[in-house]
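The values are calculated or read from the model by the stated rules, or taken from the named source; none is laboratory data. Just so it is clear, the structure is predicted and the values come from calculations on it, not from any experiment. Cβ sites come from the backbone with ideal geometry, for glycine too, and all protein chains shown count toward neighbours.
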Amino acid sequence: MDRKRGCRNDALIPGGRSSEGRPKDEVEVAMEMRKLAMVSVLAAMLPLATAEARADAVLDWNAIAVTTAHTANPFAQGRFAAIVQLAVFEAVNSVTGEYQPYLGTMTRRPGASAEAAAVEAAYQTLSFYFGTGNATAQTALNNAWMSSMGAIPDGQAKTEGVAAGDEAALALITLRTGDGSASLPATTAPGPAGPGVWQLTTGCKAGIAYNWQFVKPFGISSAQDYLLGPPPALGSERYTRAYNEVMTLGASNSTQRPQDRANVVLFFQATSPTIAMNEAARQLAVEKGGTLTDHARALALMNMAINDALVASFYNKYHYNFWRPETAIHDGGTDSNPATMGDPAWAPFIATPCFPSYPSNHGSGVNAAAEVLRRLYGEAGHAITLTNPAVPTITLTYDRLREICDDVSDARVYGGIHFRTDQEAGADLGRGVGADVYKHNLRAVDE
């Protein structure tokens with residue numbers, strides 16, 4: 001994969017032209033104006049700044065990034081997180097040189113402040129995607145930037161670190177411009193109804209995120225390389241088991257759904273793979289230790305894997321166009337399977353997403369992330385706590401990464417929106433993508 005195309009590593013300078021004398025583009029101008037404004041504000045506020053240093057700028061700004069991006073849809077969250085974390089990695093690694101770079105275009109700055117590089121890279125990418133036209137988001141980012149930069153001693157190292165962050169942010173933003181995320185059509189209409197064929201479900205006017213299958217991956221060559229085998233045949237025993245399980249456990253009025261399974265349904269309905277697994281990754285990074293570059297690499301690899309698994313998942317979804325449980329159960333009398341009794345009045349516990357069923361996006365994204373984290377930190381012996389302000393009464397705790405994946409699988413089945421076979425396919429897809437992203441990206445310099 002050609003990661004150098006479209007990237008620039010020229011230094012940003014004030015005014016309307018770059019250091020090479022060419023006119024600056026709007027990305028460069030916006031980044032430079034934000035930086036100049038923040039330098040002025042910081043100078044005025046330095047007497048008020050705390051002298052206490054942050055524990056880890058990479059982990060701090062990962063939390064800020066996830067919080068900032070939470071208003072985007074779950075698929076865009078994965079893309080934004082990958083861009084931010086790759087920019088942070090490139091900036092930090094240009095200082096420390098511990099790993100092979102992603103782009104190969106960064107200026108080496110061995111004496112720079114890696115902390116300043118991390119802060120600036122995250123700040124500039126988040127400002128570009130979320131601060132433009134959003135004063136509230138930009139103010140929050142400015143305040144976080146001032147707090148982080150105020151804790152880093154002034155001097156040449158800090159200045160060089162900021163330059164590294166600017167360079168990395170610009171390079172990643174430029175690289176991902178035109179990556180397919182804004183391509184049309186973003187929606188699609190279902191084809192003619194028939195057994196096994198996806199149709200619109202309650203509350204849906206069109207199939208959404210149709211374009212996401214065409215988004216350029218970060219760490220794999222092509223989503224098409226991850227085409228799964230087809231969903232189980234409607235007359236098979238495997239389909240029958242999956243059908244009857246979701247019909248019984250996933251109904252809105254099910255009496256066989258335990259409260260702990262209802263809790264995981266509601267938690268993961270509100271919590272995307274990006275939100276859940278970045279929270280887990282930050283805890284594992286603190287638990288296991290490591291350098292600033294180690295943490296930057298771990299978060300970059302994991303978020304690349306989440307994004308790429310979601311892209312590959314959508315490729316499979318719209319390739320197979322398999323129906324959701326809601327449609328399957330309503331039309332159970334048409335599938336030529338005498339063991340699947342239909343119920344036109346059946347309703348799922350939570351709302352069905354507006355795109356095909358096979359495989360599960362949550363299963364794909366979470367398993368991709370878990371595979372990367374497993375290779376970095378091990379499968380078991382952890383103390384992971386997941387929370388989300390959107391569901392403040394629910395706290396989930398885990399000591400194994402597999403337990404998170406299992407809960408996600410249950411969440412979609414007990415929620416009535418996926419067959420168990422969708423979850424199993426998503427797990428296979430996610431593990432494959434996660435393994436490949438880990439093996440082929442950001443390796444140690446001596447590998």
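Applying the set (1) out of contact with any helix residue (DSSP H, G or I) (no Cβ under 6 Å at 6 or more places or on another chain); (2) assigned by TED's automatic domain parsing to the domain that holds residue 314; (3) in contact (Cβ under 8 Å) with a residue 40 or more places away in the chain; (4) not acidic (Asp, Glu) to residue 212 leaves exactly one unmet item: (1).
Conditions tested, residue by residue: (1) outside any loop (DSSP other than H, G, I, E, B); (2) touching a strand residue (DSSP E or B) at 6+ places or on another chain (Cβ under 9 Å).
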site: 225; (1), (2): yes, no
site: 233; (1), (2): no, no
site: 248; (1), (2): yes, no
site: 279; (1), (2): yes, yes
site: 299; (1), (2): yes, no
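Just give me the residues in region 425-444 being touching a residue at least 40 places away in the same chain (Cβ under 8 Å), of a type outside the set (Phe, Trp, Tyr), surrounded by fewer than 24 Cβ atoms within 10 Å (Cβ to Cβ) and part of a helix (DSSP H, G or I), in sequence order. Residues satisfying the conditions are 428, 431, 432, 435, 436, 440. Could you look through region 158-180, keep only residues that are surrounded by fewer than 19 Cβ atoms within 10 Å (Cβ to Cβ) and among the small types (Gly, Ala, Ser), and pick out the one that is farthest from residue 356 (Cα to Cα)? Per the criteria, the residue is 178.
Note on region 353-394: among residues that are among the β-branched types (Val, Ile, Thr) and in contact with a strand residue (DSSP E or B) (Cβ under 6 Å, 6 or more places away or on another chain), the one that is surrounded by the fewest Cβ atoms within 10 Å (Cβ to Cβ) is 385. Reported count of residues in region 314-325, each being closer than 16 Å to residue 421 by Cβ and surrounded by fewer than 22 Cβ atoms within 10 Å (Cβ to Cβ), is 3.
Of everything in region 209-223 that is part of a loop (DSSP other than H, G, I, E, B) and among the hydroxyl-bearing types (Ser, Thr, Tyr), the residue that is farthest from residue 300 (Cα to Cα) is 222. Here residue 154 passes the criteria (1) among the charged types (D, E, K, R); (2) without any contact (Cβ under 8 Å) to a residue 24 or more places away in the chain; (3) part of a helix (DSSP H, G or I) except the one numbered (3).
Any residue at all in region 174-183 that's within 30 Å of residue 96 (Cα to Cα), part of a helix (DSSP H, G or I), over 25 Å from the mean Cα position of the chain (by Cα) and at pLDDT 95 or above? If you could, list the steps in order and put the result at the bottom.
Within region 174-183, the first condition is being within 30 Å of residue 96 (Cα to Cα), and the residues that meet it are 174-177, 179.
From what is left, the residues that are part of a helix (DSSP H, G or I) are 174-176.
When the remaining residues are screened for being over 25 Å from the mean Cα position of the chain (by Cα), the result is none.
So far as region 174-183 goes, no, none of its residues is within 30 Å of residue 96 (Cα to Cα), part of a helix (DSSP H, G or I), over 25 Å from the mean Cα position of the chain (by Cα) and at pLDDT 95 or above.
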